[in-house]
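Take a look at the structure below.
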Amino acid sequence: MRYDQFDPEDLPSETMEVKPELLVQLMLQAEAFGFWRIDVSTGNAWWSENVYRIHGMQPRKGTVNVSKAVALYHPEDAKTVEFLVGDAITNKNGFDFVLRLKRVDGKMRFVQSVASVELDTDKSVKAVYGIFRDVTQSISDKNISKTRAQLVSSIIANSPSPIAILDRKMCYLQISPAWAEFHGLQEPHSYVGKSHYDVLPEVPKEWRAEHQRVLKGETVHRSQALENGETRVASSASGASIFPWHSALGEIGGLIIMVTPAGNSETKQNKTAAQIARLMEQADHRPQRFGEIR
């Protein structure tokens, strides 16, 4: 039957019944969901085949040690998983999170889990169970949370130091007013998306090479005075610090350049750059707890 020739009146009048468990199975298969269950009495977990695959493991029979499973998450996110599972058992809460998981092959992935609790006859929590899926493809560097973006913008806008955040293609993501003034530029926002090398074509080859080193993970501190290149005007600046920043998956997303004018504290400058780099790395999704299960 062609869908453009479909007539609702052709449907049989009787109600079609499908077992709920069959619909759940189809949903899990279609969306590549996995299913997990933690037995509170033993502290062990059961994983479906898809959960093993998302972890980069071969499916196997038997149970999984919960502590070892939690240890596979990013160290900061592992604490969140421990709290949410413990809170679910204590307060009979469900939860929903998107966190960073390190597969056995070393690759970092974003995973989502939505969970609830199973109560025993005495209303205590017998088990915690949930669905699990890889959502890495749906989360990109463009999905920076409003809170993180506002924090980064606030730090840069109010920084007395010339500072710029660039992507891997050396295009500006944001520059501070002090950076624009230091380099004799106009309105800072007008340079977003433009190439650093197009805006400042006099950047020497040596410094361009430094930028490539930073994009490979190195941190560079330049102590000599800046006279050309990253400033259009003669300057008595003492140098610059260049840091890589990382995405939430741990990949290098670009670099941060912070010029140190004469008289400024280089240590303070470096702390500011490190703070921005940490904000850039924070995960986008904030875990949520559901109400008590009765």
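The values are calculated or read from the model by the stated rules, or taken from the named source; none is laboratory data. The structure displayed is predicted, hence computed values, not measured ones. Virtual Cβ from ideal backbone geometry, glycine too; neighbours counted across all protein chains shown. Ligands, DNA and RNA are excluded from the accessible area calculation, which covers all protein heavy atoms including side chains. Shrake-Rupley method; radii C 1.70, N 1.55, O 1.52, S 1.80 Å.
For the stretch 174-188, which positions are over 18 Å from Thr260 (Cβ atoms) and under 32 Å from the mean Cα position of the chain (by Cα)?
Listed by number, the residues that qualify are Gln174, Glu187, Pro188.
For the stretch 65-94, give me each residue that is among the aromatic types (Phe, Trp, Tyr) and more than 19 Å from the chain's Cα centre (by Cα).
Phe83
Looking only at the stretch 41-55, how many residues end up being open to solvent by 90 Å² or more (accessible area, probe 1.4 Å) and not in a helix (DSSP H, G or I)?
The number of residues fulfilling the criteria is 2.
Pairs only if they're at least six apart or on different chains, beta carbon under 6 angstrom, first in the stretch 46-74 and farther than 15 Å from Ser113 by Cα, second in a loop (DSSP other than H, G, I, E, B) and charged (D, E, K, R); list them, first residue then second.
Qualifying pairs under 6 Å: Gly56/Arg103; Gly56/Asp105.
Which residues, taken from the stretch 97-123, are among the aromatic types (Phe, Trp, Tyr) and closer than 15 Å to Gln137 by Cα?
Residue satisfying the conditions is Phe110 alone.
Only residues that are in contact with a helix residue (DSSP H, G or I) (Cβ under 6 Å, 6 or more places away or on another chain) and farther than 20 Å from Pro59 by Cβ: list them for the stretch 86-112, please.
Our first condition is that a residue be in contact with a helix residue (DSSP H, G or I) (Cβ under 6 Å, 6 or more places away or on another chain); within the stretch 86-112, this holds for 93, 95, 99-100, 109-110.
Asn93, Phe95, Leu99, Arg100, Phe110 - these are the residues of the stretch 86-112 that are in contact with a helix residue (DSSP H, G or I) (Cβ under 6 Å, 6 or more places away or on another chain) and farther than 20 Å from Pro59 by Cβ.
Where in the stretch 80-198 are the strands (runs of 3 or more DSSP E), entirely inside, with at least 2 residues that are farther than 28 Å from Pro244 by Cα, open to solvent by less than 40 Å² (accessible area, probe 1.4 Å) and at pLDDT 90 or above?
Hits in the stretch 80-198: 93-102, 108-119, 125-134.
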